[in-house]
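A.B. asks: What follows is a single structure, and I will ask about it in a moment.
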Amino acid sequence: MAEKNASAVDGAIRVSGMQFSYDVQDPIFFDFNLDLPAGSRCLLVGANGSGKTTLLKILAGKHMVGGKNVVQVLDRSAFHDTELVCSGDLSYLGGSWSKTAGSAGDIPLQGDFSAEHMIFGVEGIDPFRREKLIDLLDINLQWRMHKVSDGQRRRVQICMGLLHPFKVLLLDEVTVDLDVVARMDLLEFFKEECEQRGATIVYATHIFDGLETWASHLAYINGGELKLSAKLDEIKDLKTSPNLLSVVEAWLRSETKVEKKTKKKPVVTSPFMSSRQMAYYR
Amino acid sequence: MAEKDATASGDDAIRVSGMQFAYEVEDPIFFDFNLDLPAGSRCLLVGANGSGKTTLLKILAGKHMVGGKNVVQVLSRSAFHDTQLVCSGDLSYLGGSWSKTVGSAGEVPLQGDFSAEHMIFGVEGTDPVRREKLIDLLDINLQWRMHKVSDGQKRRVQICMGLLHPFKVLLLDEVTVDLDVVARMDLLEFFKEECDQRGATIVYATHIFDGLETWATHLAYIQDGELNRLSKMTDIEELKTSPNLLSVVESWLRSEIKLVKKKKKPVAPWKPSPFDNSPFRSSRHMAYYR
């Protein structure tokens, strides 16, 4: 009980000594730690393949990592406590709506539903909030979901993911198809949610335009390690550089130099080497 | 001949004269559209969603026929009619995803089991140094199986293949969305070199303006199929008072939205029609199963 009280600091997200890998020999995360207070807006930055998407999926409870105390969201285990996701307290937006069909790879979902059917089908929603989100994302309720473009499908996905008043929101590059006004309005909506309701947001992105004044924290990941986790106003590099883009670019470039020294090139002679896929046809 | 000489005057790489285009007759996307770009320029194409940027790029890439041979000219040749422009690689268009429409299944990604190496090295007559440079630039693993990798990785291979030929005119439609900061800045730097050294011309439609203030030479702002503004970056007065390009474009689009909202007629509250009661109403797609 004493330990439980001690750990009940107002951290909305806490990761302690996490280890995770898809292959046993090559761990993605090793002894990974992260702490975020409630009401924060954290930018998650890093190169392609540094583990940002994997981290967000772990925080969203999609992967099991160790015991119940390793990954805690709102003081509950992200993976084990399924009520976190079912109640809408923990919301994850990322990836596309698709499924894997046998031998056909990923294809979009094929059901003939309208956007209205999908959005109004979410139960127990405040109508005012729903209307606000529909206007914000410029959604045409008559869209047929299997016919529209990926960008339009993404907007409906974002809208549905935001209908419940979330407490923790995890975003993985969600604004790529929005134009400037829609993007800034969405970011402003997120800021309001944090300041008025005390929600917590983790946003993984490569687009830093206009985020210098939006984010409150920044977490920089490199090769599965948390290189930097700090409040945005405490980052010294930002005071000398004109914008966030050049700061992150400098970090990633110094990372690339180190990486090239350690890189080994495997020798492969044939472009038609055997793979799991080809084994199917033997 | 005299007219031809007159037309060929000036070093314009792209010229559009009085273009009209519509998917539906009653609602033209472009009406009397004009655009002129000199060789060696890097033009940012900005506008709201649905303003016609992608359609314009496809027209410039010769994918749609619009009027006669003189309406859309790229390198003083008709973009649509002169197919040698695209076959030779002089005119290159990067945008959209690699997919095809399968009967009754909608769009599915291409399914052939090819490696990235097979696709990239399969492009004939390309300079090996340039190829190696692009592979490093885009951080491509030649062992990727194209039907298994993510959309972002497919996009990189697509970009690489589209750039292998030394293009003279390059049309880009939001190509950097999946690249991280270093890859994106390196790619933009590569484009700048191509323009400075070889005199290539680039039109780049995007919503991501980070770091582009110093990259672009021209800016074209499209609103509802009209070219509201085309000027050199140095001639834009708002950029001198605003901190960055994002806030300038944002203010343009917001004032545009105000106009749209005034014109917008109050829509009657939506009533379910007898034919639309069901989310499973008939469609061309469903007709397949009757």
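A.B. asks: Compare each residue of region B:209-224 in its chain alone against the assembly with all protein chains, and report those whose accessible area goes down by 40 Å² or more; 1.4 Å probe, heavy atoms.
C.D. replies: Hits at the 40 Å² cut-off: B:D210.
A.B. asks: Let me ask something additional. Could you calculate the contour length gain from A:H63 to A:K191, that is, 0.36 nm times the residue separation minus the distance between their Cα atoms, to one decimal place in nm?
C.D. replies: Going from the current span to full extension adds 43.3 nm.
A.B. asks: Another question, if that's okay. From the cross-link list A:K52/A:K191; B:K192/B:K240; A:K62/A:K236, which pairs have alpha carbons spaced over 31 Å apart?
C.D. replies: A:K62/A:K236
A.B. asks: Could you pull out the pairs from B:K53/B:K133; B:K63/B:K168; A:K239/B:K133 whose alpha carbons sit more than 24 Å apart here?
C.D. replies: The answer is B:K53/B:K133; A:K239/B:K133.
The values are calculated or read from the model by the stated rules, or taken from the named source; none is laboratory data. Quantities reported herein were computed from a predicted structural model and do not represent experimental measurements. Calculation scope for accessible area: heavy atoms of the full protein, side chains included, ligands and nucleic acids excluded. Shrake-Rupley method; radii C 1.70, N 1.55, O 1.52, S 1.80 Å.
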